[in-house]
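Structure first, then comments.
The values are calculated or read from the model by the stated rules, or taken from the named source; none is laboratory data. Please read all numbers here as calculations on a predicted model, not as lab measurements. Backbone-built Cβ (ideal geometry, glycine too); neighbour counts: all protein chains shown. Calculation scope for accessible area: heavy atoms of the full protein, side chains included, ligands and nucleic acids excluded. Shrake-Rupley method; radii C 1.70, N 1.55, O 1.52, S 1.80 Å.
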Amino acid sequence: MLIDGQPHRTIWVAEDGRTVRTFDQTRLPHEIAIAELRSCEDAALAIERMLVRGAPLIGATAAYGICLALLEDASDQALDRAHARLLRTRPTAVNLRWALDEMRAHLRGRLPAERVAAAYERARRICDDDIAICRAIGEHGLALIRQIAARKPSGQPVNLLTHCNAGWLATIDWGTATAPIYRAQQAGIAVHVWVDETRPRNQGAALTAFELLHQGIPHTVIADNVGGHLMQHGMVDLCIVGTDRTTRSGDVCNKIGTYLKALAAHDNAVPFYVALPSPTIDWTIRDGLQEVPIEQRGGGEVSRVRGRAPGGELVEVQVTPDGTPVANWAFDVTPARLVTGLITERGVAVASEAGLTSLFPDLAA
Ligand code: MRU
C-alpha cells in the first residue's frame, strides 16, 4: 500500500540478496525508518522489540530469520537452533509457529548446500501467499460492505470500527481487516473508519491512522472506551478486527480490548467480523479461553505513553504515580458466539468448527 503515494511492502530483501529490510514500526507514525536484519538474532530482536508486529508479519520475519541463520550455518542443528530461538520471541500469534514449521519442513530434506537458496525462495513465497490471502479477504469483505452500503441513505458512508492495527503494516500488503476497506474505496463505496487508539501501545492511533491517512481513507481516532457509545447511537455499521490466533472452534484471540468491542457489538446488534487468514487458524486447539497463550508484557507500556514532543523528538512520559503497580495483558479471547463471521480467503465462515471445517477441509484434517 501507499506511503507518500509510493507503493510499499512491509518486508523485502535488499539488493545484496541477503539482508532483510523492514520498517521500524516503533518509530511510526512520526519517522519512517528502515531496519536492516543481517542475522537470525536481528530478526528475533525485531520481533521481540516490536519493530515488526502483527501476526502475518511476525511469521514472515521469522521465515527470513531462518534464511539469515542458514547463511552462517546450514546444518540441521543450526536450523533447529534458529527455529527454537525465533519461536521464543512472542507467544500468542500462531503465524510464528506456522511459518517456522513451514520453513523447517521445506528445508529438512535438502542438502545443506541447497538450503540458503531454498529458504529465501520459501520465505518469499510465504510473503507472496500472504498478499494473495489478504487480497481475497478483501474481496469477501467487500461483498459485506457493499450489502451494508446498499441499505444506507445515499451519500452516507459505511461506518466501520476497527481495533489495533490489522492493516498492511501487520501483514505484507493490504492487511486483513483493512483489505475490505481498501477494496471498498477502489469500488467507489464511501467508507469512514473509527480507529480505536488501542492502548497501551497505540497501534490504532499510530499505525492504522498512518495507513488510512496515506491511503486517503476518511477516519477518526477514538479513545478505546468510545466504541460502545458509538454503537448505542447507531454510528457503527460493522466492526472488522484482525486475529493473532483463532481456534478450530472459532474462538478469536486478538489485541486486548477486542472482547469488549465484541460485547458492545452484540448488545447493539452491530455485525462483528474477524478477518482471518488461514495460517492464523490453530487447528490443534478448540478452547480459546483455556488454551491460547496470552502474552503479558512489561508494565512500562501501561505506565508510560510514547509520542512526539513539540520539538520533534520521540519521548516517553509517565502517567501513573511513582511506585503504582501495573499489569499488561496484551491479548484477549472473544468467544465464537460473539463473532458474526470469519472473513477468510475462501469466503465468510460461521465462527464454529463446522464453519471453518467446511471452508478448509484440507487443513482441518
Ligand atoms: O501486539 P501486536 O501489535 O503484534 O498485535 C497485533 C494484533 O493484535 C493484530 O490485530 C493481529 O495480529 C492481526 S494482524 C493482521
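Got a sec? Which of Ala123, Ala119, Ala143, Ala166 is assigned by TED's automatic domain parsing to the domain that holds Ala209, among the small types (Gly, Ala, Ser) and over 14 Å from the mean Cα position of the chain (by Cα)?
Numbers: Ala123 fails: assigned by TED's automatic domain parsing to the domain that holds Ala209; Ala119 fails: assigned by TED's automatic domain parsing to the domain that holds Ala209; Ala166 fails: over 14 Å from the mean Cα position of the chain (by Cα).
Answer to the selection: Ala143.
Which condition breaks for Tyr273 when tested against (1) without any contact (Cβ under 8 Å) to a residue 24 or more places away in the chain; (2) within 14 Å of the ligand (Cβ to nearest atom)?
(1)
Note down all Cβ pairs under 7 Å where the first residue falls in region 201-217 and is touching a residue at least 24 places away in the same chain (Cβ under 8 Å) and under 16 Å from Val241 (Cα atoms), the second is within 15 Å of the ligand (Cβ to nearest atom) and assigned to a helix (DSSP H, G or I), and they're at least six residues apart or on different chains.
So the pair list comes out as Leu207/Leu169; Glu211/Trp168; Glu211/Leu169.
Mind telling me which of the residues Glu139, Glu121 ends up being more than 16 Å from the ligand (Cβ to nearest atom), free of Cβ contacts under 8 Å to residues at least 40 places away in the same chain and within 21 Å of Asp173 (Cα to Cα)? Explain how you work it out, then say what you get.
Numbers: Glu139 fails: free of Cβ contacts under 8 Å to residues at least 40 places away in the same chain.
None of the other options fit; the residue is Glu121.
When only residues in region 185-196 that are touching a residue at least 12 places away in the same chain (Cβ under 8 Å) and out of contact with any strand residue (DSSP E or B) (no Cβ under 6 Å at 6 or more places or on another chain) count, which is surrounded by the fewest Cβ atoms within 10 Å (Cβ to Cβ)? Full working, then the answer.
First, pick out the residues of region 185-196 that are touching a residue at least 12 places away in the same chain (Cβ under 8 Å): 185, 187, 189-196.
Right, trim to out of contact with any strand residue (DSSP E or B) (no Cβ under 6 Å at 6 or more places or on another chain) and you get 185, 187, 189-190, 196.
Numbers: Gln185: 18, Ala187: 13, Ile189: 19, Ala190: 15, Asp196: 29.
Residue satisfying both the conditions and the ranking: Ala187.
Scan (1) under 17 Å from the mean Cα position of the chain (by Cα); (2) open to solvent by less than 10 Å² (accessible area, probe 1.4 Å); (3) farther than 17 Å from Glu102 by Cα for the single condition Leu51 breaks and write down its number.
Against the list (1) under 17 Å from the mean Cα position of the chain (by Cα); (2) open to solvent by less than 10 Å² (accessible area, probe 1.4 Å); (3) farther than 17 Å from Glu102 by Cα, Leu51 comes up short only on (2).
Out of region 214-228, which residues are within 12 Å of Leu260 (Cβ to Cβ) and either open to solvent by 40 Å² or more (accessible area, probe 1.4 Å) or at pLDDT below 95 (or both)?
Filtering region 214-228 for residues within 12 Å of Leu260 (Cβ to Cβ) gives 224-228.
Passing the criteria: Asn225, Val226.
Has region 144-166 got any residue that is of a type in the set (A, V, I, L, M), open to solvent by 10 Å² or more (accessible area, probe 1.4 Å) and within 15 Å of Pro277 (Cβ to Cβ)?
Of the residues in region 144-166, the ones of a type in the set (A, V, I, L, M) are 144-145, 148-150, 158, 160-161, 166.
When the remaining residues are screened for being open to solvent by 10 Å² or more (accessible area, probe 1.4 Å), the result is 144, 148-150, 166.
With within 15 Å of Pro277 (Cβ to Cβ) added as a condition, the list becomes 166.
Taking every residue of region 144-166 in turn, at least one turns out to be of a type in the set (A, V, I, L, M), open to solvent by 10 Å² or more (accessible area, probe 1.4 Å) and within 15 Å of Pro277 (Cβ to Cβ).
State yes or no: is Gly242 within 14 Å of the ligand (Cβ to nearest atom) and surrounded by fewer than 22 Cβ atoms within 10 Å (Cβ to Cβ)?
On the way: within 14 Å of the ligand (Cβ to nearest atom): yes; surrounded by fewer than 22 Cβ atoms within 10 Å (Cβ to Cβ): no.
No, not satisfied.
With the requirement that a residue be of a type in the set (Ser, Thr, Tyr), under 22 Å from Arg183 (Cα atoms) and in a loop (DSSP other than H, G, I, E, B), what does region 225-275 give you? Talk me through it step by step, then tell me what you get.
Of all residues in region 225-275, those of a type in the set (Ser, Thr, Tyr) come to 243, 246-247, 249, 258-259, 273.
Restricting the remaining residues to those that are under 22 Å from Arg183 (Cα atoms) gives 243, 273.
Passing the criteria: only Thr243.
Criterion first (part of a helix (DSSP H, G or I) and either surrounded by fewer than 14 Cβ atoms within 10 Å (Cβ to Cβ) or in contact with a helix residue (DSSP H, G or I) (Cβ under 8 Å, 6 or more places away or on another chain) (or both)) does Arg124 satisfy it?
Numbers: part of a helix (DSSP H, G or I): yes; either surrounded by fewer than 14 Cβ atoms within 10 Å (Cβ to Cβ) or in contact with a helix residue (DSSP H, G or I) (Cβ under 8 Å, 6 or more places away or on another chain) (or both): no.
Spelling it out, it is not the case that Arg124 is part of a helix (DSSP H, G or I) and either surrounded by fewer than 14 Cβ atoms within 10 Å (Cβ to Cβ) or in contact with a helix residue (DSSP H, G or I) (Cβ under 8 Å, 6 or more places away or on another chain) (or both).
Yes or no: region 13-21 includes at least one residue that is open to solvent by less than 50 Å² (accessible area, probe 1.4 Å) and within 16 Å of the ligand (Cβ to nearest atom).
Looking through region 13-21, none of the residues is open to solvent by less than 50 Å² (accessible area, probe 1.4 Å) and within 16 Å of the ligand (Cβ to nearest atom).
Considering only region 280-302, state which residues are in a helix (DSSP H, G or I), open to solvent by less than 20 Å² (accessible area, probe 1.4 Å) and within 13 Å of the ligand (Cβ to nearest atom).
From region 280-302, those in a helix (DSSP H, G or I) are 280, 288-291, 300-302; that's our starting set.
Cutting the leftovers down to open to solvent by less than 20 Å² (accessible area, probe 1.4 Å) gives us 280, 288.
Correct list: Thr280 only.
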